[in-house]
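Participant: One structure, as structure tokens, below. Some questions next.
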Amino acid sequence: MHEYSIVQSLLDSCEEHAKQNDSTNVTKVVVKIGVLSGVEPDLLQTAFDTFKEKTVCENAEFIINHQKVVIECMDCNTTSTLEKNEFSCPKCQSNMIKVIDGEEMYLMSLELN
């Protein structure tokens, strides 16, 4: 499960941000996970809950925001959010598209005490 290594990197980042801000307690961690990122949200939640003990995130609330796939059509210049994994423009049905969001995982914010 690569979610464990992702959580370890996330916790390291939280530790670093807390240290830079003279904090010893993170109260909230917010991440955004794209549906094409390959990260399984339930496994990520379990990994976070497992590994946060004895870190600055020990009492942190973990919030996962799910990002749908956002595309840009090269033919009609329309930006669309896909409701299904059908990779064509909903407006003109062109397959000449570029994915502009929904492939990554980001640490969006931290709340520190």
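Computed from the coordinates by the stated procedures, all read-outs in this text should not be read as laboratory data. Not measured: the values here are computed from a predicted model. Cβ placement follows ideal geometry from the backbone for every residue including glycine, while neighbour counts extend to all protein chains displayed.
Participant: Could you work out the local net charge near Ile33, counting Lys and Arg as +1, Asp and Glu as -1, over the other residues with Cβ closer than 13 Å to its Cβ?
Facilitator: Result for the neighbourhood of Ile33: -4.
Participant: Consider just the alpha-carbon atoms of segment 1-74 and return their Rg together with their Dmax, both in angstrom.
Facilitator: 13.9, 49
Participant: Excluding same-chain pairs closer than 8 in sequence, count the lysine pairs in the chain whose Cα atoms lie under 28 Å apart.
Facilitator: 18
Participant: Please report the relative contact order for the chain, taking Cα pairs under 8 Å with a sequence separation of at least 6, and give it as a percent rounded to a whole number.
Facilitator: 36
Participant: I want the antiparallel fraction of DSSP beta bridges within the chain, as a percent rounded to 5.
Facilitator: Close to 65 percent.
Participant: Can you give me the C-alpha center-to-center distance between segment 76-105 and segment 1-41, rounded to a whole angstrom?
Facilitator: If you average the Cα positions of each part, the centres end up 28 Å apart.
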